[in-house]
Amino acid sequence: MRFDELKEYWESEEKLAHIKGWDFSHIDDRFTSEEDCLPWNYTAVINKYRRETDRLLDIDTGGGEFLLSLGHPKEHTTATEGFPPNVELCRRKFAELGVTFHEMTDYAKMPFPDKSFDIVINRHGSFDSEEIFRVLKPNGIFVTQQVGEDNDRELVEMLLPGTERPFPGHNLKNSLASLEKSGFTVLESGEAYRPIKFFDTGALVWFARIIEWEFAGFSVETCFDKLLRIEEEIQKNGYVAGKTHRFYFASRK
């Protein structure tokens, strides 16, 4: 393609970069992430501690896809979400299913009484460990999988050199220290880095616009020269690569 054709294509991907829930199907066949090869299985970790009779809370549920995949009894399930497009999606979806839903953006002041839940889960969302300790029943369980501070850094540096990390210090070591300070006992934990590869520059454009907190200030217009260099690398090697950063823990009140 000529430069003007590439730019037109990338700008079309930029315009398509809208998402509800956490649906990456638009680029499914144009990138790979090794998250399925993590040393732990988040669902299996939850199910190790989850009982059918538990009052379960999912914080930052996204579009509720993962929560519903657990098959937990709807009458014992509560979810929160704060991203506006997902909030409206969740209101409709959960109302039909009989799942309790709350819009929530203040993690230090959750809209629940003390000792409300047997288990709290959180996949890639924010949390306040002291507040989670408050809403858990005695011996309650908190399980989370988090996106670490170094996530996608190689790709960010390719497009936006020198961009600050959105969540500096967000790693397993610091999170466990905060957790234990809040009164939790850590039951298990782990941290891992895995490759993420893009086979099409347009897919990376779409991804960078969706993950705007990592790729702050990205646009095709401002990063066009760097996108051309990435295109050259993809044409030469078949892909451009970075690393994901994930960690998890399970803990008991």
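The values are calculated or read from the model by the stated rules, or taken from the named source; none is laboratory data. This one's a predicted model, so the numbers in the text were calculated from it and none came from an experiment. Here the Cβ positions follow ideal geometry from the backbone for every residue, glycine too, while neighbour counts run over all protein chains shown.
Kindly list, by first and then second residue, each pair from a residue in the stretch 127-156 that is in contact (Cβ under 8 Å) with a residue 60 or more places away in the chain to a residue that is surrounded by fewer than 20 Cβ atoms within 10 Å (Cβ to Cβ) and assigned to a helix (DSSP H, G or I), limited to pairs with Cβ atoms under 7 Å and residues at least 6 apart or on different chains. Here the result reads Ile141/Tyr49; Val143/Tyr49; Gln145/Tyr42, each pair linking the stretch 127-156 to a residue that is surrounded by fewer than 20 Cβ atoms within 10 Å (Cβ to Cβ) and assigned to a helix (DSSP H, G or I).
Looking at this structure, is Leu159 in contact with a helix residue (DSSP H, G or I) (Cβ under 8 Å, 6 or more places away or on another chain), surrounded by 15 or more Cβ atoms within 10 Å (Cβ to Cβ) and of a type outside the set (Gly, Ala, Ser)? Here the answer is yes, as Leu159 does meet what is asked. Checking each residue of the stretch 60-74 against the condition of being small (Gly, Ala, Ser), within 30 Å of Tyr239 (Cβ to Cβ) and modelled with pLDDT of 95 or more gives at least one match. Scanning the stretch 205-238 for residues being over 17 Å from the mean Cα position of the chain (by Cα) and at negative phi gives a total of 21. The number of residues in the stretch 123-135 being out of contact with any Leu (no Cβ under 9 Å at 6 or more places or on another chain) and either closer than 16 Å to Leu67 by Cβ or among the small types (Gly, Ala, Ser) (or both) comes to 4.
Just one of the listed residues (Ala79, Ala95) is at pLDDT 90 or above, assigned to a helix (DSSP H, G or I) and either under 30 Å from Asp225 (Cα atoms) or among the small types (Gly, Ala, Ser) (or both), and it is Ala95.
In the stretch 121-216, counting only helices (runs of 4 or more DSSP H) that sit wholly within it, the ones holding 2 or more residues that are within 30 Å of Thr77 (Cβ to Cβ) span 129-135, 172-181.
Beta carbons closer than 7 Å, at least 6 apart along the sequence or on distinct chains, pair a first residue in the stretch 157-177 that is in contact (Cβ under 8 Å) with a residue 12 or more places away in the chain and among the hydroxyl-bearing types (Ser, Thr, Tyr) with a second that is surrounded by 10 or more Cβ atoms within 10 Å (Cβ to Cβ) and in a loop (DSSP other than H, G, I, E, B) for Thr163/Ala216. So which residues in the stretch 20-51 are assigned to a loop (DSSP other than H, G, I, E, B) and either in contact with a Gly (Cβ under 9 Å, 6 or more places away or on another chain) or modelled with pLDDT under 95 (or both), if there are any at all? If the condition is that a residue be assigned to a loop (DSSP other than H, G, I, E, B) and either in contact with a Gly (Cβ under 9 Å, 6 or more places away or on another chain) or modelled with pLDDT under 95 (or both), then Lys20, Gly21, Trp22, Asp23, Phe24, Leu38, Pro39, Trp40 are the ones that fit.
Beta carbons closer than 6 Å, at least 6 apart along the sequence or on distinct chains, pair a first residue in the stretch 234-245 that is farther than 16 Å from Gly202 by Cα with a second that is surrounded by 13 or more Cβ atoms within 10 Å (Cβ to Cβ) and of a type in the set (Lys, Arg) for Thr244/Arg194. In this structure, does Arg194 turn out to be within 20 Å of the chain's Cα centre (by Cα) and either surrounded by fewer than 18 Cβ atoms within 10 Å (Cβ to Cβ) or hydroxyl-bearing (Ser, Thr, Tyr) (or both)? Yes: the conditions hold for Arg194.
Restricting attention to the stretch 47-96, which residues are without any contact (Cβ under 8 Å) to a residue 24 or more places away in the chain, aliphatic (A, V, I, L, M) and surrounded by fewer than 21 Cβ atoms within 10 Å (Cβ to Cβ)? Once the filter is applied, which keeps residues that are without any contact (Cβ under 8 Å) to a residue 24 or more places away in the chain, aliphatic (A, V, I, L, M) and surrounded by fewer than 21 Cβ atoms within 10 Å (Cβ to Cβ), the stretch 47-96 yields Val87, Ala95. Of the residues making up the stretch 40-91, those that are of a type in the set (A, V, I, L, M, F, W, C) and more than 21 Å from Lys109 (Cβ to Cβ) are Trp40, Ala44, Val45, Ile46, Phe66, Leu67, Leu68, Leu70, Leu89.
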